[in-house]
Amino acid sequence: MSTSSRLLRLLSLLQTPRDWTGSELADRLEVSPRTIRNDIERLRALGYPVHATRGSIGGYRLEAGTSMPPLLLDDDEAVAVAIGLGTATAGAVTGIEETSLRALAKLEQVLPPRLRRQVRQLQGVTVQVRRGRSGPTVDPAALAELARLAREHWTLRFDYADRKAEASSRRVEPYRIVNAGQRWYLVAWDLDRADWRTFRVDRMREGMSPGPRFTPRELTDAEAQAMVARGIPPEARRHQARVVVDVPAAQLMERLGPWIGTIEPLDERSCVLSTGAERVEELAAYLGLLDADFRVSEPPELVEALRRLAGRYAAATA
């Protein structure tokens with residue numbers, strides 16, 4: 001193996017997230033430990049920050065440096081990155097289209113012809129569907145700062161405008177950033193409300209102020225995703241309803257998600273569903289999907305909406 005080929009192979013090994021002992025690298029490349037030490041120095045001279053630790057469990061690891069050195073990608077990795085850059089142009093991050101296209105152009109320039117054909121064939125038959133109108137985008141610097149504060153456990157103060165454009169000042173412990181289609185959300189513990197809250201990043205005003213560090217609470221990725229999927233809690237929605245459903249409580253709990261509302265057993269064959277919606281028409285239509293008999297006595301607006309809907313269904317089948 002030539003020196004240049006050996007250096008590329010050595011760099012490929014060091015880019016895996018683990019420590020390599022000199023003897024392991026020498027065995028892999030079929031050279032002496034001294035040659036490995038010389039090659040490590042050559043990589044350092046080229047700008048690759050190879051860190052070495054001593055001792056019986058010591059070894060070599062490629063770490064982050066002050067600049068971005070060239071990366072070695074396997075065939076599958078190169079294709080995956082190219083496809084990801086192509087689809088990123090539909091993202092909700094300010095400026096992501098231009099930077100993604102620039103990076104994709106650089107990558108395609110050095111891709112082997114066979115891999116370039118794979119990428120272009122896939123791009124040629126792929127169509128992205130934009131659901132609804134394009135919404136506001138977020139600043140990538142703001143996302144990076146939120147990620148840093150969450151990772152290092154710094155509290156945060158910021159001004160926020162809710163869905164009704166009402167402004168408020170919030171003090172939170174940031175935990176996760178969740179991407180949901182065209183929206184980015186911050187999942188955080190609200191210090192003033194002593195509860196978990198989700199915040200749309202595009203509604204956070206400029207001028208975030210970090211505060212003291214905090215001891216993190218228990219929160220899994222699945223729980224953070226569920227908070228964003230749930231959206232506005234049912235009890236905070238405009239119209240509230242109490243519905244008696246002729247289904248056992250356990251059965252209805254299995255059928256509905258936790259973001260629908262609360263379910264309490266009434267007896268062995270029925271239960272009470274407490275839920276809410278921003279529009280009574282939405283609530284009336286959703287109740288029809290329960291696939292069970294139900295009774296509603298309040299609010300009066302919902303009762304009237306159900307009567308109108310029942311009349312339309314009856315007329316449609318007359």
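The values are calculated or read from the model by the stated rules, or taken from the named source; none is laboratory data. Keep in mind that what you see is a predicted model, and the values were worked out from it rather than measured. Note that each Cβ is placed from the backbone with ideal geometry, even for glycine, and that neighbours are counted across all protein chains shown. Heads up: the accessible areas ignore ligands, DNA and RNA and are worked out on the full protein's heavy atoms, side chains in. Shrake-Rupley method; radii C 1.70, N 1.55, O 1.52, S 1.80 Å.
Once the Cα-Cα distance is subtracted from the 0.36 nm per residue extended length, the Ala226 to Asn38 segment shows a gain of 62.5 nm. Of the residues Leu219, Ile260, Thr126, the one whose Cα sits farthest towards the positive end of the charge dipole of the chain is Thr126 (charges of +1 on Lys and Arg Cβ, -1 on Asp and Glu Cβ, taken about the Cα centre).
Springs between Cα atoms under 10 Å define the GNM used for the chain, and in it the highest mean-square fluctuation of Met253, Met204, Met227 occurs at Met253.
Estimated from the Cβ-Cβ distance and a Förster radius of 25 angstrom, the FRET efficiency linking Arg28 and Arg54 is about 0.75. Estimated at 0.36 nm per residue, the fully extended path between Phe294 and Gln109 surpasses their Cα-Cα distance by 60.3 nm. Label sites at Arg151 and Ala167, each approximated as a point 7 angstrom past Cα along Cα to Cβ, lie 3.2 nm apart. Per residue, the convex hull spanned by the alpha carbons of the chain comes to 242 Å³. How many percent of the accessible area of the chain is carbon or sulfur, using a 1.4 Å probe? It is 51 percent, rounded to a whole number. Spin-label pair Leu46-Leu8: with each label point 7 Å from Cα along the Cα-Cβ axis, the two points sit 0.9 nm from one another. Site pair Arg102 and Tyr286 shows an inter-label distance of 4.4 nm when each label is modelled 7 Å from Cα along Cα→Cβ.
Take the Cβ atoms of Asp19 and Asp75, set R0 to 25 Å, and the FRET efficiency comes out at 0.45.
Summary value for the chain: 9 percent relative contact order, contacts being C-alpha pairs under 8 angstrom separated by 6+ residues. Taken about its Cα centre, the chain carries a charge dipole of about 1080 debye when Lys and Arg each add +1 at the Cβ and Asp and Glu each add -1 at the Cβ. About the centre of its Cα atoms, the range 163-304 shows a dipole size close to 860 debye [charges on the beta carbon of Lys, Arg (+1) and Asp, Glu (-1) only; nearest 20 debye].
Based on DSSP H segments of at least four residues, each scored -39500 (n - 2.57), the chain has a per-residue ellipticity at 222 nm of -12500 deg cm²/dmol.
Computed with a 1.4 Å probe over protein heavy atoms only, the accessible surface of the chain comes to 63 Å² per residue. Placing unit charges on the Cβ atoms only, positive for Lys and Arg and negative for Asp and Glu, gives the range 143-229 a dipole magnitude near 140 debye about its Cα centre. Any idea which of Ala161, Thr21, Tyr175 is furthest toward the positive side of the dipole for the chain, if Lys and Arg beta-carbons carry +1 and Asp and Glu beta-carbons -1? Among Ala161, Thr21, Tyr175, the one farthest towards the positive end of the dipole of the chain is Thr21. Counting only protein heavy atoms and using a 1.4 Å probe, the accessible area of Ser169 comes to about 60 Å². Only helices at least 15 Å long along their axis, Cα-based, and averaging -0.5 or more on Kyte-Doolittle count here, so list those DSSP H runs from the chain. Length and hydropathy pass: 3-14, 75-87, 96-110, 140-152, 300-316. Loop-resident trypsin sites (Lys or Arg not before Pro) (DSSP state other than H, G, I, E or B) in the range 265-316 with no more than 14 further Cβ atoms inside 10 Å of their Cβ: Arg269, Arg279.
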